[in-house]
Amino acid sequence: MSAVRSTRPCIEPPKEGSELDEALRRAFWTSLNRNPLPALQALAVAARTIGVLYRQIADAHEGPGGCACGWEPDPDSDLIVLEANLAASLLKPPESDLVHMAALGRA
Ligand SMILES: [Zn+2]
């Protein structure tokens, strides 16, 4: 196995409320506090960033030096999974999120 690129970008699936979730939200709100954008524009930027991250992690699974976890990128079916996660978070009751966002807003 080649050591040219990261070989283990996804050892464990992230749990809800995980370090990654917290880091992404903190970066989003920190950036908006510094450079405010219209709400939908900010969310569109976040969505495009998810697409870029998808492409990068898919690339990390290609070729003999790629991650050996067994996941094979399939943009069509993976998009369905991502859309389902987006829908689930939109429909989730907001109480816990609002508490969390207040803490993030102090950045
Ligand atoms: Zn992997």
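In this label model, ALA42 and GLU83 are separated by 2.6 nm, measuring between points 7 Å along each Cα→Cβ vector.
In segment 19-104, inverting the average of 1/r over every pair of distinct C-alpha atoms gives 15.1 Å as the Kirkwood radius. A simple spin-label model places pseudo-atoms 7 Å from Cα toward Cβ; at LEU53 and ARG34 they are separated by 1.8 nm. Dipole magnitude for segment 19-104: about 520 debye, using +1 per Lys or Arg Cβ and -1 per Asp or Glu Cβ, origin at the Cα centre. Inter-label distance, LEU90 to CYS10: 2.3 nm, where each label sits 7 Å from its Cα along the C-beta direction.
Counting 0.36 nm for each residue step from GLU22 to ASP74 and taking away their Cα separation leaves a gain of 16.1 nm.
Read the figures in this text as sums done on the coordinates, not as results from a lab. Computed from a prediction, not measured in an experiment: that's the story for all the values here. All Cβ positions, even for glycine, are placed from backbone atoms using ideal geometry, and neighbour counts span all protein chains on display.
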